[in-house]
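The values are calculated or read from the model by the stated rules, or taken from the named source; none is laboratory data. Note that the structure is a prediction, hence the values are computed from the model and not measured. No Cβ is skipped: glycine too gets one built from the backbone with ideal geometry, and neighbour counts run over all protein chains shown.
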């Protein structure tokens, strides 16, 4: 039995080493793609690249991200300002404070969020005030950021936003996810389950992501049931969310999708989700798809492939 266990351990180490070696060989290309994304002329690509730099902890790219806090577009400034807090860049506090005076309120609350992350809790009140803003985008972003602060004291205010008559569906859905992220299990039955059983695929996707944010045994089991959904995109979102949580139950669904030989030059939702799932699943048979994905003609697929490579080397 000991011999078998040692052999199994040896095989596991060899498999793991092969996976790491494969990702390591793609690392220079992945880093180049990510840097190109940060410098792209497309604001959506710049925003996506910022988030990926944070997800994969690319602190060597902080100079580029700092520069993007003065970008010409609000979503990029918003993402860059949040990134400095999420990456715990304490030396960036002066830069973040400058963003408190940004002409756009969304960037100002992003600065408040990052300062809280940088051990300046007094700026929490700016976020809480923004949650009552009549501008629905500001309100949704405030709800998003309060969820990311991991402070259960914000749950009561989030319920106020959720129940406000003038909150739009966009605000309510973001608020549900934020409340779930803060660990309030009431969301499981009161909101998220209803989304999972909706006849609309988009609702089911939102429900899966909310269940992922809640991250309890029950919510993971609920996501597992969605691996059998009739819609491939829904199945892939379920697999990707489980993978984020360290659960590899959806690997077969992702592998089956790649066996259909999808055109990775197209940035459809199924392709994007499947490529995103490769990183956290870290499976040898899935990693073989990374070369095609990183060589895609779609800059979005390239970025997501780079994310998967760099996640495995984090």
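Would you confirm whether any residue within region 7-29 is in a helix (DSSP H, G or I), modelled with pLDDT of 95 or more and over 27 Å from residue 245 (Cβ atoms)? Yes: one or more hits. Say whether the condition of being closer than 13 Å to residue 299 by Cβ, part of a helix (DSSP H, G or I), modelled with pLDDT of 95 or more and out of contact with any strand residue (DSSP E or B) (no Cβ under 7 Å at 6 or more places or on another chain) is met by at least one residue in region 58-76. Within region 58-76 (the criterion being closer than 13 Å to residue 299 by Cβ, part of a helix (DSSP H, G or I), modelled with pLDDT of 95 or more and out of contact with any strand residue (DSSP E or B) (no Cβ under 7 Å at 6 or more places or on another chain)), the answer is no, since none of the residues qualifies. Every listed requirement among (1) loosely packed, with under 14 Cβ neighbours inside 10 Å; (2) at pLDDT 95 or above; (3) closer than 24 Å to residue 310 by Cα is met by residue 48 save one, (1).
Scan region 164-171 and give yes if some residue there is assigned to a helix (DSSP H, G or I) and within 20 Å of the chain's Cα centre (by Cα), otherwise no. Checked against the condition, which is being assigned to a helix (DSSP H, G or I) and within 20 Å of the chain's Cα centre (by Cα), region 164-171 yields at least one hit. Run residue 226 past the list (1) assigned to a helix (DSSP H, G or I); (2) under 22 Å from residue 131 (Cα atoms) and report the number of the one that doesn't hold. Every condition holds for residue 226 apart from (2). The residue pairs whose first member lies in region 172-201 and is surrounded by 23 or more Cβ atoms within 10 Å (Cβ to Cβ), whose second member is not in a helix (DSSP H, G or I), and whose beta carbons are closer than 9 Å, counting only pairs six or more residues apart or on different chains, are 175/131; 175/167; 180/215. Can you confirm whether region 235-258 contains a residue that is under 17 Å from residue 195 (Cα atoms), surrounded by 19 or more Cβ atoms within 10 Å (Cβ to Cβ), modelled with pLDDT of 95 or more and over 17 Å from the mean Cα position of the chain (by Cα)? Yes, there is a match, as at least one residue in region 235-258 is under 17 Å from residue 195 (Cα atoms), surrounded by 19 or more Cβ atoms within 10 Å (Cβ to Cβ), modelled with pLDDT of 95 or more and over 17 Å from the mean Cα position of the chain (by Cα).
Is it true that residue 225 is surrounded by fewer than 23 Cβ atoms within 10 Å (Cβ to Cβ), more than 30 Å from residue 253 (Cβ to Cβ), over 19 Å from the mean Cα position of the chain (by Cα) and at pLDDT 95 or above? No, not satisfied. Checking each residue in region 92-144 for being assigned to a loop (DSSP other than H, G, I, E, B), more than 23 Å from the chain's Cα centre (by Cα) and crowded, with 19+ Cβ neighbours inside 10 Å picks out only 102. Scanning region 258-294 for residues that are part of a loop (DSSP other than H, G, I, E, B) and within 25 Å of residue 206 (Cα to Cα) yields 262, 264, 266, 267, 268, 282.
Filtered by the rule that a residue be surrounded by fewer than 21 Cβ atoms within 10 Å (Cβ to Cβ) and outside any loop (DSSP other than H, G, I, E, B), region 295-310 gives 299, 300.
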